[in-house]
Amino acid sequence: MKNPPASEYAECLSKHHYTECGLDNVFLASGYTVESIGGREVVTIHNVDALHDAIADDIIRNRPLMNGHEARFLRVEMDLSQQMLGQALGVDAQTVARWEKGQTRMSGPVDRIIRLLYLGNRDGDPQIKHLIGRLAGLDELDDHPRIFEKSPNGWRLRQAA
């Protein structure tokens, strides 16, 4: 992995290090105010939802294989628990937790599925939450016979009686 030039690190020192999103490498050049309230420095982010959209967009469009913190950020933005995401991906919640902690790396296909799930969720596709639920339930289906029949509209699965 290529390290950024030292000048980028120096520039970051003059910016707000936005760690509240759970990512260590996010800095804000503008869009925030700093106030002193009761002797404490308080930072207010302007339109934090739009900021999170921009961060997620950078992750899904401009990053190679996500790291665990980035996957966690997207999962939280989708309002999914580790259990729910794990069920949708066919793994247990502990596997998702290990990815997020950086203890193991997720595979390329899992990375791409999380990106696609985020995009569909963000774009308001009503089928995404339904799809996540359906994917989670696939492991519970038994191996019953599947009978297909030809109809005027093409082949279809015959519904159980």
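The values are calculated or read from the model by the stated rules, or taken from the named source; none is laboratory data. Every value quoted in this text rests on a predicted model; they were computed, and no experiment measured them. We place every Cβ from the backbone using ideal geometry, glycine too, and count neighbours over all the protein chains shown.
Return the total of residues in the range 111-132 being within 12 Å of L74 (Cβ to Cβ) and hydrophobic (A, V, I, L, M, F, W, C).
5
So that you can scan it fast, the table gives a plain yes or no per residue for (1) modelled with pLDDT under 95; (2) of a type in the set (A, V, I, L, M):
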{"position": "F27", "(1), (2)": "yes, no"}
{"position": "E35", "(1), (2)": "yes, no"}
{"position": "D79", "(1), (2)": "yes, no"}
{"position": "V91", "(1), (2)": "yes, yes"}
{"position": "K101", "(1), (2)": "no, no"}
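Would you please name the residue that is nearest to L116 (Cα to Cα), looking only at residues in the range 57-72 that are of a type in the set (A, V, I, L, M, F, W, C) and buried (at least 18 other Cβ atoms within 10 Å of the Cβ)?
Of the residues in the range 57-72, the ones of a type in the set (A, V, I, L, M, F, W, C) are 59-60, 65-66, 71.
Cutting the leftovers down to buried (at least 18 other Cβ atoms within 10 Å of the Cβ) gives us 59-60, 66, 71.
Numbers: I59: 12, I60: 8, M66: 13, A71: 12 Å.
Within the range 57-72, the match that is nearest to L116 (Cα to Cα) is I60.
When the range 62-72 is examined, which residues are found to be part of a helix (DSSP H, G or I) and not hydrophobic (A, V, I, L, M, F, W, C)? First the steps, then the outcome.
So the first thing to find is which residues in the range 62-72 are part of a helix (DSSP H, G or I), and the list is 62, 68-72.
Across the range 62-72, the qualifying residues are N62, G68, H69, E70, R72.
Please indicate, with yes or no, whether at least one residue in the range 45-56 is touching a Ser or Thr at 6+ places or on another chain (Cβ under 9 Å), surrounded by 10 or more Cβ atoms within 10 Å (Cβ to Cβ) and among the β-branched types (V, I, T).
Just the residues of the range 45-56 that are touching a Ser or Thr at 6+ places or on another chain (Cβ under 9 Å), to begin with: 45-46.
Those left that are additionally surrounded by 10 or more Cβ atoms within 10 Å (Cβ to Cβ): 45-46.
Still in the list and also among the β-branched types (V, I, T): 45.
Yes, there is a match, as at least one residue in the range 45-56 is touching a Ser or Thr at 6+ places or on another chain (Cβ under 9 Å), surrounded by 10 or more Cβ atoms within 10 Å (Cβ to Cβ) and among the β-branched types (V, I, T).
Filter the range 26-44 down to residues that are without any contact (Cβ under 8 Å) to a residue 12 or more places away in the chain and either hydrophobic (A, V, I, L, M, F, W, C) or surrounded by 14 or more Cβ atoms within 10 Å (Cβ to Cβ) (or both) and give me whichever is farthest from G120 (Cα to Cα).
Ranking the qualifying residues of the range 26-44, first place goes to I37.
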